[in-house]
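Input: a single structure, listed below in structure tokens.
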Amino acid sequence: MKIFEKIVDLQNELFNVRKERKEIGLVPTMGALHEGHASLVRQSVKENSVTVVSVFLNPTQFNDKSDLERYPRDLEADCKLLEACGADYVLAPSVEEMYPTEDKRQFEFYPQSTVMEGAKRPGHFNGVCQVVSRLFYIVCPDRAYFGEKDWQQIAVVKRLVDYINMDIKIVECPIVRENDGLAMSSRNMLLSSDERQLAPNIYKVLNESKKWIDTLTVQELHDKVMAEINKTEGLEVEYFDIVEGNTLLPVGNWNASHYVVGCITVYCGKTPIRLIDHIKYKG
Ligand code: PAF
């Protein structure tokens, strides 16, 4: 596995890969890698001749600077994991390397980028689109791998690929959970052991709520999920939206679509740490 800090060095390497007509998979990450990322890399290794993983903590997608400051970083551990998964190249550029000048581009893809995380974290998806489009231009992958944990992000990235007219297949990989159901996330490392005990309640309630769709209306189910999670001291729901799976707009009843998803963001603990998860009710 080769590790590059300079974009041009990776591009020179990929030039030869492309000459041999080999397919390239890209796994964009912000580091602090865990089993969820490992599953994306393994899938890319299976489906492509060459896998590139970017490890770049992208400042432009953090609307909250303290969130950026406490985001875990450990490039050495990340590289060990990536090598074990069979990645070929790691791109780990500095901020100056990735953004030699300020990125002033604005991306807005209504409604996918403006609802839920888009509304609660202004500028977040704009930053994601800035960095993901740069990575796409740099690597020109055949396939790019994203985890379903960030379910809304996948919808936004699909809009981005259409918008920038690149022929890249966005591969959605299943969410990876801890044994107790908590969705794997780099932010889980920031939870204290007490907070870590509380966090699985989020998925426990979401999973349980799948049984309620036959007896409760959308509004009733929404209210019950909120109440059940908020009952746990130390957990506070920021939003729980039940949305149409493609548009991401709220649904009023269960027959509104064949694809209905509940998306939640919960504050956990004193700091607090913001955890996101989702559940597919239909589709
Ligand atoms: O999902 C993430 O880790 C980030 O949003 C991404 C896609 C790597 C862009 O920085």
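What follows is calculated from the coordinates using simple rules that are stated; it is not laboratory data. Small disclaimer: the values here were computed from a predicted structure and weren't measured. Heads up, the Cβs are rebuilt from the backbone with ideal geometry, glycines too, and the neighbour counts pull from every protein chain shown.
At 7 Å along the Cα-to-beta-carbon direction for both Gln219 and Lys22, put a label point, then send me their distance in nm to one decimal.
Taking the simple label geometry, Gln219 and Lys22 are separated by 5.8 nm.
Quick one: grab the alpha carbon gyration tensor of region 1-108, order the square roots of its eigenvalues as a ≥ b ≥ c, and give me rounded if a/c is under 1.5, else prolate or oblate depending on whether a/b is larger than b/c.
Because a/c hits 1.5 or more and a/b fails to exceed b/c, region 1-108 counts as oblate.
If I fit a long axis through the Cα atoms of helix 151-163 and take the longest principal axis of the Cα atoms of the chain, what angle between them do I get, 0 to 90°, rounded to 10?
Its long axis makes an angle of about 50 degrees.
How many percent of DSSP beta bridges within the chain run antiparallel, rounded to 5? Don't skip to the answer; put the middle values down first.
Numbers: 20 of 39 bridges.
Close to 50 percent.
Straight-line reach from Lys22: which aspartates and glutamates have a Cα under 19 Å away, not including same-chain ones fewer than 8 places off?
By straight Cα distance, Lys22 reaches Asp9, Glu13, Glu47, Asp88, Asp142, Asp167.
Which of rounded, prolate or oblate describes region 33-178 when judged by the alpha-carbon gyration tensor and an a/c cut-off of 1.5? Could the numbers behind the result be given before it?
Values: a/c = 1.41, a/b = 1.26, b/c = 1.12.
Here region 33-178 falls in the rounded category.
How far apart, in nm, are two points set 7 Å out from the Cα along the Cα-to-Cβ line at Arg73 and at Ala119?
3.4
Over the Cα atoms, compute the radius of gyration (one decimal) and Dmax (the largest Cα-Cα distance, rounded to a whole number) for the chain, in Å.
19.2, 59
Looking at the chain, which longest stretch skips every one of the trypsin sites (Lys or Arg not before Pro) that is in a DSSP loop with at most 11 other Cβ atoms within 10 Å, leaving the sites themselves out?
On the way: sites that count: Arg21, Lys104, Arg105, Lys231, Lys270.
Longest stretch, sites excluded: 106-230.
Would you compute, from DSSP H runs of 4+ residues alone, the mean residue ellipticity of the chain at 222 nm, taking -39500 (n - 2.57) per run and dividing by the full residue count, rounded to the nearest 500?
Working: 11 runs with 108 residues, N = 283.
So the helix-based figure for the chain works out to -11000 deg cm²/dmol.
Past 23 Å, Cα to Cα, is the threshold; run Lys6/Lys65; Lys65/Lys270; Lys224/Lys282; Lys211/Lys231 against it and keep the listed order.
Exceeds cut-off: Lys6/Lys65.
Amide H of Leu91: which non-local residues (sequence gap of 5 or more, or other chain) have their own amide H closer than 5 Å, using H built in the peptide plane?
Amide H to amide H, under 5 Å and 5 or more residues apart or across chains, Leu91 pairs with Phe4, Val53, Ser54, Val55.
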